[in-house]
1. Considering only region 351-372, how many residues are within 12 Å of the chain's Cα centre (by Cα) and free of Cβ contacts under 8 Å to residues at least 60 places away in the same chain?
2. May I ask you to list pairs of residues, at least six apart or on different chains, whose Cβ atoms are under 8 Å apart, with the first in region 223-234 being on the phi > 0 side of the Ramachandran plot and at pLDDT 85 or above and the second being open to solvent by less than 40 Å² (accessible area, probe 1.4 Å) and in a helix (DSSP H, G or I)?
3. I'd like the residue in region 517-570 that is among the acidic types (D, E) and assigned to a loop (DSSP other than H, G, I, E, B) and, out of all such residues, is surrounded by the fewest Cβ atoms within 10 Å (Cβ to Cβ).
4. Specify which of the listed residues (L301, L315) is within 12 Å of the chain's Cα centre (by Cα), crowded, with 24+ Cβ neighbours inside 10 Å and in contact (Cβ under 8 Å) with a residue 40 or more places away in the chain.
5. When you scan region 368-378, how many residues do you find that are open to solvent by less than 10 Å² (accessible area, probe 1.4 Å) and within 19 Å of L331 (Cβ to Cβ)?
6. Please specify each residue of region 31-72 satisfying the condition of being among the polar types (S, T, N, Q) and outside any helix (DSSP H, G or I).
7. Determine whether region 386-396 contains at least one residue that is in contact with a strand residue (DSSP E or B) (Cβ under 7 Å, 6 or more places away or on another chain), buried (at least 19 other Cβ atoms within 10 Å of the Cβ) and not in a helix (DSSP H, G or I).
Amino acid sequence: YEEPLKSFLKMIKVIAFDFDDVLRLDCIGIVTSPARYVAKLMFVFTVSFIVGVTHCLIVVVRYGGNFKDRRSTLVSVLGTLGLIFYTSVTVLTLQPFQCRQHPNGLWTVAAYQDMVCWSPQYDGHESMLIIAVFAMLLPISNFAMALVLVRRYPNAMRRSDADFLRSFGFLFFRFRPQVHWYMLVIMARSLLIGLVPVVPRASAQIYLLQVILIASFATVIHLKPWRIASLNWLDVLFGAVLMVFLNIASLMALVATQDVQIIGWLCVAMVVLALLLVPTVSIAALVKRLQGSTRQYRFFLCHHKAESGAFARWLKVEMSASPRVDRDIFLDSDNLESLDQLLNFVAADVQTVIVLGSKLVYARPWCLGEMATAHRSGVPMIILALPGHEQLTLPAIERLHLEELDSENLLENGISVELLRDTLRALTQAPMVDVPLDVCEAAMDDIITALTCGDAQQPVVRTVACCKVDHEAKTIIIASNSDFEANACAHVLRSMLVPHMYEDVSDIPKVLGPEVELPESAEKAIIIFSVGCFEDSEFVHRAVMSFAAGVHIVPAIADEGFQVPTREAVRWAVGLLSYQTQPIGLTESAVIQVVLDIFKEIAVTINAKRASASVLDAATIALRTRLLSRKVVPMPSAAVKLHRATTSSSLSDRIAIEARGANRRLCDNEAWRSQHSPGIEEQGEEAEEEEDKQVF
């Protein structure tokens, strides 16, 4: 190479452990080339020795000599240093093999011009070759050890071997779990790059380097191995800059002398650019972390889908419409593209984590991983205490069997059981907002105010008045108010329907809260069916009364586990209402027939727990079309009978209906069944159905 590139490369020789121009060993005496080569090799072991001594001093002073527990730290530090200088050590050990030819025909070692290669007439080179062969055992053994550790990694994950992962996590935690072996690719690339200078011809060296870099370039683009997305781009840019540098540098052998200096400056610019990429990205990440207000997501909703998925959706819908929230809210159903990036979002792109405190949220590995990542990264957390939430206490945390969790994914991300316990202890001091079971729009406004204004102690409205329905409401939504998630699903549906009800404002649906009477103005009703809804007497009563009043009903299913009921299933579920304190005053056969008639119309699935916003919006549009179809549907025979029974029958008839319903529920008692034959029971049912017909 010519100036200025030649001088610039001398400045960075220290990276390859070339200290000849710095230490000037010749000043202390005559130092042979083999001795200088051995001194460079010994420097590698000297650094390792210094790190080991420093570690021992720290353990003695700070940790009371507990070397056993701190052993993994030493292994991790030495392993990380070995990976950083792996290419430099490989090139250093192969220096005796790097020979170049002089005009007189002799070959000398490139780094030691006084050492003639491959000639029995000159001493010294053979001894350097022997030392180099033994020195090569260092990078080769490191690669072999990494290969063994990669093979052991899956078993260590299945056993939740925390000590293994703390010691050798530097090999795996930088990469996505699917490509945990990618460090082997990096080490193999370093070995090949170290072997390239052994090739005698410069043109062949440039060609081989380009092949290696292009293969590495394509591998990174295809696999995207780095856990942090920006590191994938950094790897690609670094490889591209090096390839441009090689192409520019190769021109030095072809162009005229006056152009060499220009090419040299271009090469220097490429090298400087490559060296500045890492600190530039690091500084940008640090600035982004320090400036929390610039993070992409204002809130991250940490929740257990089965217990609070619908409420999380409702919370995001309402917060997105609030002027107090200026950025997006992270909900995995909408914003998560790859599970590998989930914890990275929490650490780098979220300003505040909202923990939806349900009964089992502290037993879910991924939820605990999100909390632990937030705690480790200094991201503040707020707890929304949902119905059934048990407040964290220090004794309760110690009783948790965190070791029994399926923690393979947590260990892959460097989250240990100790970190989980520290996180839960920190959560005992986190702000908390109580959420009532019968939460409504007014209560949700209070919750959002508490979350956005930093006042977690602000009381949340919990009155029936906030759930009252306008007496002129034409469209209502009925859900089981004893089911927290079903109620949340009803509010999600209402919030998503409002933007589509631009033709007639009076068609904007209203959610029926607890103890709220069915409005006489109701013309259309969306009935949300969920698992266990038939065990709620108020829900069954509202569904039956809506059907009896001739309201156009569109059934909606909120739970994946809900099955369209059969006559036997409805009979069993309605039979449970005998244990309610306020019977609905209708016979089981009438209720059963009403439920079956409701499901003669195809139900719309509103999976607010798991579906994305786009899927829910499509379901909402389909439901709106059904509501605004204005199609006149003949009232089924069961509805006609029920309408007459509920509007025209006298008080004595109503009492008789309720008494027969109570008698029928008593007949379902297991003790009664055990004393009668099936034949007698069937005769009783036939007689009851005939009596019901006479009443209707």
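The values are calculated or read from the model by the stated rules, or taken from the named source; none is laboratory data. Remember, predicted model here, so these are calculated numbers, not experimental data. A quick note on method: Cβ atoms are made from the backbone with ideal geometry, for glycine too, and the neighbour counts reach across all protein chains shown. For the accessible areas, the whole protein counts, side chains as well, though only heavy atoms, and no ligand, DNA or RNA atoms are used. Shrake-Rupley method; radii C 1.70, N 1.55, O 1.52, S 1.80 Å.
1. 4
2. Pairs found: K224/N232.
3. E520
4. Matching residue, one of L301, L315: L301.
5. 5
6. Within region 31-72, T32, N66 meet the criteria.
7. Yes.
Rundown of residues vs (1) charged (D, E, K, R); (2) touching a Cys at 6+ places or on another chain (Cβ under 9 Å); (3) part of a loop (DSSP other than H, G, I, E, B), yes/no style:
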position	(1), (2), (3)
S308	no, no, no
E318	yes, no, no
S333	no, no, no
E337	yes, no, yes
N344	no, no, no
